[in-house]
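Derivation of every value follows stated rules applied to the coordinates shown; laboratory data play no part. Being a predicted model, the structure only gives us computed values, none of them experimental. No Cβ is skipped: glycine too gets one built from the backbone with ideal geometry, and neighbour counts run over all protein chains shown.
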Amino acid sequence: MGAVIFPRVLPTTTGADTVDRMEQLESGAQVRGTRSTSVPQSAVPRSLAAFLAPVLPLVLAACDGKQMEIDDPVPSSVLVLPTEITFTYLGQVEHPGAKVFDQYGEEMDTTTDWSTTDEAVIELEVDALGPIVTAVANGAATLEAKVGSVTGAASLVVAQGPALLESTGGDGQTGARGETLAEMVAVYTEDSGGSPAEGVEVTFLAAEGSGEFGDSVVRTNAEGVAETTWTLGATRQQSGVAAAGEFEVAFAAEAISDPPEPDYALIGDLEPARSDPLDSEIFEIRALIANLGDGPGPPSFSVEATSEGAGTHSVEVERIEPGDTAAVVVPGGPLEAGVRWVEVAIDPADAVVEWDEGNNADSVELRVVSQREIRLGESVTVESEEQGSVFLFRVEIEEGSDEALNVELSGGSGDADLFAHYGRRPDYRYRYRCFSIEGDTGEACQLVPTRAGVYHIAVHAFTAFGPSELKVTLGGREVESFDIELVFLEGGSASEREEVEDAAERWEEIIVRDVYDWDHEEFDPVPAGTCGPGSPAVSDLVDDIRIFVTFDSIDGSGGAMAKSGPCWVRPYPLEGGEGIWLQPTLAAIVIDEDDLADLDEDLVDAFMQHEMAHALGFVPSLWNRHDLLRDPSLPDNPDADPHFDGPEALAAFDAAGGSGYEYGKVPLEDGAEDGVSDSHWRADVMGNELMTPSLTGDEQPLSAITVGTFHDLGYEVDPAEADGYTLAYEMRLGEPRIVRLGHDIAPFPIRVYRTVGKRLDLTGREIVVPGAEPGRPRR
């Protein structure tokens, strides 16, 4: 048998000696042969010993007792790791390594020599830990590791990538359409190391109608710059982008024409006066038109509104100068009930030569509804086979009356709800002023006093119902009065408490119909201390408002005279009405007994009525919830023009002499002063009106403006109960005394029950009430 090569010199052996030596070999022990040497386990692979174990006795026996030589490990291959490295920026440093393997496939510990094929691309340094390679220029090189005659290699590529892309020229130019701009558009890019990135591919793309770039793809030069020409297209305002990697730079240019031309365009969305016009009425759509061109155009142009089945309505619009805009109101309709589209178009006949005809038209979707007219005293039959149907009616009142307008639904089976409203028809039945939600078809609404104008009625099929009779009458029905329940908690003499009661009676004369009762026991138990200092728990029915009154020292004489306001508000009692706040159920008035003692007797009535108004809802937090507070100054906008935007209060303001007032109506105190601003009428406009922040010592009229405010909050009020009043446009001078009522808005939060079973404060945060298990209203 021929020679067998092993890693070391081994003696001839037989039998058990062979097995013992193999065990020694595998365990790393020394093996004694013709020369003494240490054979560590790492030098002889365990896998090799395992392979040789079963055949070794035969091999050795066949050698007839002769010694066999085993070669020492020598480098056989070199592996450089990683095998490929891509550098994306100059100055990027990497630390590759190498593994050396012997002829048996085992890793060796040995010295390695390193070199690179292109030092202009890769700079190489070697320290005790191995090679350090640094990118110095774009290109490719090979990193070689050599041990003896054996080498290994790794591929190195330097290709700068963009970490920054910015415009360096060509943006914001003006040129003739169809012509090439004078300045080339250019971008600069650099890599992550801050070096100009050479060879980066930059893509230039012009927007539709914006012409084209000379080259769509440009590689950056050695300075990191890519540039190309831009030939303008047909549109007035043109744009394009340059992109590299994940980065983009936008370019804009403005084209001019010879002669100059207008470019009339619809800007923003069309704004219909309402999204649910009646099928019997002409509606209006507001459109904002801009001239984006460089010329004025003819003296006028037409704008049309068209819709299927309703023909065309048009208006003539005066010339709009370049760069200007104009709001245009175009009529439309009437339309058949259902979902309908209305298109508004500028210059539909293309009579005006302009830059772009594609921005001349837009459309809006409307939900057209039917409304049936019903006369006073007339009965109509209403029925529905489907749940959810809504039937709309209107009644016109030619002459007002002190009597109530009665709207009644009766007869038939099923369950229908009734809603009634005076003035502009609400876009949602839950925003009608009066609602009746009994569990059958016996429903009734009263609005008092009856006003001249249009009343709107909605009948909602909570289930299939009918046939039922709907009837509208004037007077002849008892009207349930509005009740203010006073709870005196502490302090106050008999005469002082009587003054509070007189103020309550005055407001009960103004508010002439009750609001729906709220059961705090069933739905909304109120913990003690929730409504002012010392307030008790509330867990019973409130009809219509309960006001806790306390006489105590707030801050001594000369400070705040009172702290008043609502603290619990009834919600809309139907699911789906979340977020609609109605009138307060609980309120508090805390009167500073020190200031009250200093107050002249003839001012006490006005003072008490003023504080009672705050308790009933004359506070900005409630106004804001009803979307009636505009441009508030608090917390930090003293230059604002705060004003109350309720339609009834605004009409009364104009009637009192404010029609020529040039600022926001109805004006509230400004200046961002806590307890004064946004919560009282502006004194330099409203003079001595009751709800200004000062008592002036003479009459303090409770005006129809203030009465109208409560109508806008949902109360039924009688404007005839207001005091006579005319606006004063400036502060009166020389008053003998002024009593400041500012800082009298109570700081406690206003809370409301939500029909999904949670209580929310004004910010919408859930209020945790220990032990409360609120119920749920019927709908």
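For ALA327 and ALA252, what is the calculated FRET efficiency with R₀ set at 30 Å and r taken between the beta-carbons, to the nearest 0.05?
Numbers: r = 27 Å, r/R0 = 0.89.
Efficiency, rounded to the nearest 0.05: 0.65.
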Starting from the 7 Å offset along Cα-to-Cβ, what nm value, one decimal, do you get for the label separation of ALA494 and ALA176?
10.1
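Can you give me the relative contact order of region 164-256 as a percent, contacts being Cα pairs under 8 Å and 6 or more apart?
Working: 254 pairs, mean separation 31.9, N = 93.
The normalised contact order for region 164-256 reaches 34 percent.
Could you give the dipole magnitude of region 441-500 about its Cα centre, charging the beta-carbon of Lys and Arg +1 and that of Asp and Glu -1, in debye to the nearest 20?
Values: 4 positive and 10 negative charges, 116 e Å.
Computed about the Cα centre, the dipole is about 560 debye.
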VAL666: net charge of surrounding residues, Cβ under 11 Å, Lys/Arg +1, Asp/Glu -1, itself excluded?
-2
Using only the Cα atoms of region 75-158, what semi-axes does the equivalent ellipsoid have when each is the square root of 5 times a gyration tensor eigenvalue? Give whole Å, largest first.
24, 11, 10
Taking the alpha-carbon centroid of each part, what is the distance from region 324-359 to region 74-92 in angstrom?
68
I want the local charge near PRO322. Using Cβ-Cβ distances under 9 Å, sum +1 for each Lys or Arg and -1 for each Asp or Glu among the other residues.
-4
For region 107-121 and region 486-500, what is the separation of their C-alpha centers, rounded to whole Å?
100
Measuring from centroid to centroid over Cα atoms, what is the spacing of region 630-653 and region 406-454 in Å?
31
Spin-label pair GLU438/GLU208, simplified geometry with 7 Å Cα→Cβ offset, distance in nm
6.1
Sorted from fewest to most neighbouring beta carbons within 10 Å, what does the list ARG274, ARG570, ARG429 look like?
ARG274, ARG429, ARG570
Positive-end extreme of charge dipole, region 685-724 - chosen from VAL685, SER703, VAL717 (charges on Cβ):
VAL685
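With r defined as the distance between the Cβ atoms of GLU316 and LEU288 and R0 fixed at 25 Å, what FRET efficiency is calculated, to the nearest 0.05? Write down the numbers at each step before the final one.
Numbers: r = 17 Å, r/R0 = 0.69.
Plugging the Cβ-Cβ distance into 1/(1 + (r/R0)^6) gives 0.90.
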FRET efficiency, 1/(1 + (r/R0)^6) with R0 35 Å, evaluated for THR726 and ASP594 via beta carbons
0.50
Please list, by residue number, everything in region 197-220 whose backbone N is under 11 Å from a paramagnetic label point 7 Å out along Cα→Cβ of THR231.
211-215
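Explain nothing, just the number: relative contact order of region 475-590, from Cα pairs under 8 Å at least 6 residues apart, as a whole percent.
On the way: 201 pairs, mean separation 31.3, N = 116.
That works out to 27 percent.
Between VAL353 and SER553, what is 0.36 nm times their sequence separation minus the Cα-Cα distance? Round to one decimal in nm.
On the way: separation 200, 0.36 × 200 = 72.00 nm, distance 7.67 nm.
Fully extending the segment from VAL353 to SER553 adds 64.3 nm.
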How much length, in nm to one decimal, is gained on full extension between ALA537 and VAL74, taken as 0.36 nm per residue of separation minus their Cα-Cα distance?
157.2 nm
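How long is the gain from VAL487 to GLU521 if the chain were fully straight, where each residue apart is worth 0.36 nm and the alpha carbon distance is subtracted?
Numbers: separation 34, 0.36 × 34 = 12.24 nm, distance 1.80 nm.
Taking 0.36 nm per residue and subtracting the Cα distance, the gain is 10.4 nm.
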Exposure-ranked with fewest Cβ neighbours within 10 Å first, ARG625, ARG451 stand as ARG451, ARG625
In nm, the gap between the two label points placed 7 Å beyond Cα toward Cβ at THR142 and ASP684 is 8.8
Positive end of the dipole of region 180-332, charges at C-beta (+1 Lys, Arg; -1 Asp, Glu), about the Cα centre: which of GLY194, THR235, PHE213 has its Cα farthest in that direction?
THR235
Net charge near GLU403: determine it from the other residues with C-beta under 13 Å of the C-beta of GLU403, scoring Lys and Arg +1 and Asp and Glu -1.
-2
